[in-house]
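For reference, the structure discussed in these notes is given below.
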Amino acid sequence: MQRVNISTVSEFILVGLSDAPEIRLLLFVLFLLIYLATLAGNITLLVAISTDSHLHSPMYFFLGNLSLLDILCPTSTVPKMLGVLLLENREISFFGCLFQHFSLIAVVGTEIFLLAVMAYDRYVAVCHPLRYLSIVSTKLCAHLAVGTWAAGLLNSLLHTSLIFTLSFCGPNKIQQYYCDIPPLLALSCSSTHSRELVILAVAGVLGSSACIVTLVSYIYILLEILSKNSPGIWQKAFSTCGSHLTVVCLFYGTTICTYVRPSSTYSPHLDRVVSMLYGMLTPLLNPIIYSLRNKEVKCAVKRVISRVRSAL
């Protein structure tokens with residue numbers, strides 16, 4: 001048999017946003033402002049939760065974890081994207097791509113599980129308000145938080161090992177602004193069918209489990225509201241659950257559109273738009289949604305801002 005000389009890819013080229021040179025500077029300024037606003041909003045929320053005694057409860061503990069994830073999510077992709085836009089440095093090493101992919105999938109997976117845990121927390125708050133602090137104890141909060149982060153990391157480890165043990169020997173241009181699953185599968189020169197099935201199965205099982213927990217929690221909340229039907233209960237329930245429900249719909253919708261589908265339906269241009277929704281806009285909107293919907297958070301954030309102003 002004749003040997004075929006196949007070169008192994010040692011780096012990738014990110015071409016997701018660099019194919020529009022006429023608006024590159026405008027995109028750089030826009031995404032830099034979004035990134036800085038995201039950091040400012042989530043850091044402010046984290047400081048407010050950690051320093052204000054009124055916010056030392058299970059709900060705000062999980063909200064603090066969500067803010068941390070919303071800092072890590074754009075941080076794993078946006079700095080490199082800004083470098084591509086400003087310096088035209090489109091190359092990313094194989095191991096740099098691996099680390100970026102691992103970080104992003106870990107954060108996204110952890111956030112999916114965390115939103116399910118937050119839904120359970122809202123169910124206990126609405127359906128068992130008198131026993132809320134005894135059910136959702138400090139110990140349980142710690143266990144749930146560690147469990148969500150561990151599940152997200154293990155999920156990411158599995159996905160990363162499945163993707164980066166493939167052979168990459170042909171084109172190395174990633175049609176995205178970061179190293180994501182669909183464009184990497186499209187670049188592989190080995191068979192990806194079996195791994196796609198595993199990725200879809202794992203994502204489907206874990207994602208469906210988190211969705212079921214969230215859905216069942218809100219079904220019980222709805223049944224509890226309908227059974228009491230007392231004046232003002234709808235408004236009270238909406239103030240308790242409205243922010244979380246808004247975040248769930250925004251995050252789940254975009255991630256499902258990106259990951260829970262076969263690679264044959266991959267569309268570079270559509271995927272860029274969808275990935276920006278959950279990778280940049282969702283982390284930006286989350287602290288705004290919780291601040292606008294929650295008076296306690298709003299007051300705590302105002303106190304943090306006033307302390308920063310006085311310090312400056």
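The values are calculated or read from the model by the stated rules, or taken from the named source; none is laboratory data. Values in this document were obtained by computation on a predicted structure and should not be read as measured data. Every residue, glycine among them, receives a Cβ derived from its backbone with ideal geometry; neighbour counts consider all protein chains shown. To get the accessible areas, we keep the full protein, side chains included, count just its heavy atoms, and leave off ligands, DNA and RNA. Shrake-Rupley method; radii C 1.70, N 1.55, O 1.52, S 1.80 Å.
Subtracting the Cα-Cα distance of Thr51 and Ala201 from their residue separation scaled by 0.36 nm leaves 49.8 nm. For segment 1-147, the C-alpha radius of gyration divided by 2.2 N^0.38 Å, with N the number of residues, is 1.45.
Close amide H partners of Ile174, meaning residues 5 or more places away or on another chain with modelled amide H under 5 Å apart, are Ile13, Leu14, Val15.
Using a probe of 1.4 Å on the protein chains alone, the accessible area found for Ser209 is around 60 Å².
Thr160 exposes around 10 Å² of accessible area when a 1.4 Å probe is run over every protein chain in place. Available extension along the chain between Leu154 and Thr138 is 3.3 nm, counting 0.36 nm per residue and deducting the alpha carbon span.
Straight-line reach from Lys80: which lysines fall under 29 Å, measuring Cα to Cα and dropping same-chain residues less than 8 apart? Lys80 reaches Lys173. To put it simply, the accessible area of segment 116-178 at a 1.4 Å probe is 70 percent carbon and sulfur. Taking a Cβ cut-off of under 12 Å around Ser57, the surrounding Lys, Arg, Asp and Glu residues balance to a net charge of -3, with basic ones at +1 and acidic ones at -1.
Under 15 Å Cα to Cα from Lys139, which aspartates and glutamates show up? Leave out anything in the same chain fewer than 8 places away. Result set, ordered by chain and number: Asp121. Annotation: Ile225 carries an accessible surface of approximately 10 Å², with a 1.4 Å probe and no ligand, DNA or RNA atoms counted.
If R0 equals 30 Å, the separation of the Cβ atoms of Lys302 and Leu222 corresponds to a calculated FRET efficiency of about 0.35.
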